[in-house]
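A.B. asks: Mind looking over this structure? Questions follow.
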Amino acid sequence: MKKLLFALFLVLSCQAQVLAQGLNLAAEDPNKPTDLALAPDPDLPHGKTATVRGLANVEGQRMLVRGLGVMQPVVVTVFPEQKDARVRVELFKENWQQAERSEVSADSGRVQLRFRTEGDLGIWVKGEDGAPVPFYAVVWVGDEVEAPVPNPFTPTPVADMQSGPSSAPSAAAGGLGTTAWLAIVAGLLVVIGGLLVLVLRGQRRGQTGATVLLLSLLSTSAWADPVEPLQPVSARAAAEAFARNQGLDAANAAAGAAGGVVASTLTSFGGILLNAREFLDSWRTLTGRDADSQPILMPDGMPQVPSACAGNAACASCYGEAQENLKKTRIVLEKLRLIGKRTKEFSDKSIALGDAASTAVPGSASGLAWIQEKRKIQDEMKNFEPVYDRKYRELMGNLRDNLQAIGRCEAQLGVPDWYNRYGFLYFQFMEGHYKRNW
């Protein structure tokens with residue numbers, strides 16, 4: 001289930017390129033961004049890497065990394081081949097006009113940026129001093145870090161749990177299979193993205209005003225001669241180049257010194273295994289929108305639930321398995337919430353972009369066509385809402401089953417009605433928290 005949900009996140013990220021026209025540019029543009037293909041590298045474990053060598057003039061080289069997740073660490077390292085040269089590295093999200101980060105290689109001889117982000121990432125490398133600058137770029141994207149699920153259970157003596165709040169559990173709810181649900185949502189996004197592309201393309205025929213407006217917002221200034229294509233290399237080749245950059249010839253210098261620089265450089269490129277707390281504390285999001293995409297597994301007001309089993313060795317095996325299943329359900333519920341939120345945002349932004357394009361030339365045929373296409377997008381969202389609701393009910397049924405399993409563990413210690421007295425309070429809170437509100 002986790003792999004299937006992660007696959008849906010990739011679908012969402014790919015469809016988002018319809019909205020990020022400024023990062024993609026036209027296919028015929030000779031200086032369109034180069035897609036960096038992430039792949040395993042034996043020298044940088046626990047993730048995937050893309051390493052290239054290129055030549056950057058004042059206009060620079062642009063690169064795209066697609067489908068990133070906010071719970072993945074990202075390290076971008078760029079350095080000029082010659083130590084006395086300088087390069088500027090800029091990171092972009094929505095378009096190529098507003099950089100989220102911008103740094104110039106200085107005394108260290110390189111720029112290294114560590115962060116996390118959701119969706120596509122644009123990287124722009126420019127020669128800082130006018131002349132073309134040969135450079136290396138290494139992008140490492142780590143394995144997804146699983147967010148910690150807070151323990152809602154408070155160890156409580158059995159004697160203190162003989163009486164407590166009581167509630168009646170809700171009826172069981174059926175659900176749609178995960179695979180079918182994912183297929184429906186993926187289809188929805190493809191339809192929305194396709195409709196928007198058709199409308200934007202419709203602006204080109206006889207109605208140049210809207211096209212000019214969109215391109216002025218989403219493209220850069222006119223380019224000079226096309227820059228040379230980027231050349232894929234290995235991370236080790238880049239590390240050896242950095243050793244030469246620092247004045248150590250990997251072939252002629254003392255083997256220990258050169259090897260030490262290469263090894264330490266590879267370590268700095270990435271290949272890091274992070275625990276969840278270290279990751280969340282140390283790796284900042286690139287934008288505020290990225291921060292909004294993070295899982296929230298301890299929402300405000302989440303109740304703490306008394307438990308005789310928590311921390312009690314007498315029911316450790318029973319309680320441990322039941323609690324682990326509860327954690328898994330919580331993680332999937334949170335992913336459901338984020339998928340719903342992002343799908344809704346995608347639909348709203350698609351409509352906003354279509355509205356802007358269609359009204360740029362008032363009374364045009366494309367404007368009339370957009371009214372029909374807009375209605376189709378709205379209908380697709382209406383179709384998505386019951387799909388979300390069915391999956392929500394299915395997962396809430398799983399959550400109830402998990403809590404009732406914990407209740408059976410509690411009964412072993414003399415708390416026979418734990419779910420009705422305590423567990424259902426937690427269930428009710430989660431039921432309200434994850435219910436669709438759009």
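A.B. asks: Applying the selection to the stretch 139-164, what residues are more than 25 Å from Ser293 (Cβ to Cβ) and modelled with pLDDT of 90 or more?
C.D. replies: Phe153, Thr154, Pro155, Thr156, Pro157
A.B. asks: Please go through the stretch 38-78 and pick out each residue that is more than 19 Å from the chain's Cα centre (by Cα), assigned to a strand (DSSP E or B) and over 16 Å from Arg236 (Cβ atoms).
C.D. replies: Answer for the stretch 38-78, where residues must be more than 19 Å from the chain's Cα centre (by Cα), assigned to a strand (DSSP E or B) and over 16 Å from Arg236 (Cβ atoms): Gly54, Leu55, Ala56, Gln61, Arg62, Val78.
A.B. asks: State the number of residues belonging to the stretch 290-332 that are among the hydroxyl-bearing types (Ser, Thr, Tyr), in a helix (DSSP H, G or I), buried (at least 16 other Cβ atoms within 10 Å of the Cβ) and over 25 Å from the mean Cα position of the chain (by Cα).
C.D. replies: Number of matching residues: 1.
A.B. asks: Contact list please: Cβ distance under 9 Å, first residue in the stretch 74-87 and outside the structural domain of Ser268 (by TED's automatic domain parsing), second residue in a strand (DSSP E or B) and at pLDDT below 95, pairs at least six apart or on different chains.
C.D. replies: Partner pairs satisfying both residue conditions: none exist.
A.B. asks: Which condition number does Asn437 fail, the rest of (1) touching a residue at least 40 places away in the same chain (Cβ under 8 Å); (2) closer than 18 Å to Lys344 by Cβ; (3) surrounded by fewer than 21 Cβ atoms within 10 Å (Cβ to Cβ) being met?
C.D. replies: For Asn437, the failing item is (1).
A.B. asks: Considering only residues that are of a type in the set (Lys, Arg) and part of a loop (DSSP other than H, G, I, E, B), which ones fall in the stretch 260-289?
C.D. replies: Arg284
A.B. asks: How many residues are closer than 19 Å to Lys435 by Cα, within 15 Å of the chain's Cα centre (by Cα) and either modelled with pLDDT under 90 or among the basic types (Lys, Arg) (or both) when one looks only at the stretch 339-360?
C.D. replies: Residues flagged as closer than 19 Å to Lys435 by Cα, within 15 Å of the chain's Cα centre (by Cα) and either modelled with pLDDT under 90 or among the basic types (Lys, Arg) (or both) within the stretch 339-360 amount to 5.
A.B. asks: Could I ask something else about it? In this structure, is Ser108 in contact with an Asp or Glu (Cβ under 6 Å, 6 or more places away or on another chain), of a type in the set (Gly, Ala, Ser), surrounded by fewer than 18 Cβ atoms within 10 Å (Cβ to Cβ) and assigned by TED's automatic domain parsing to the domain that holds Glu90?
C.D. replies: no
A.B. asks: Among the residues of the stretch 311-344, which ones are polar (S, T, N, Q) and out of contact with any strand residue (DSSP E or B) (no Cβ under 8 Å at 6 or more places or on another chain)?
C.D. replies: Ser317, Asn325, Thr329, Thr343 - these are the residues of the stretch 311-344 that are polar (S, T, N, Q) and out of contact with any strand residue (DSSP E or B) (no Cβ under 8 Å at 6 or more places or on another chain).
The values are calculated or read from the model by the stated rules, or taken from the named source; none is laboratory data. Bear in mind the structure is a predicted one, so any value in this text is a computation, not a measurement. Note that each Cβ is placed from the backbone with ideal geometry, even for glycine, and that neighbours are counted across all protein chains shown.
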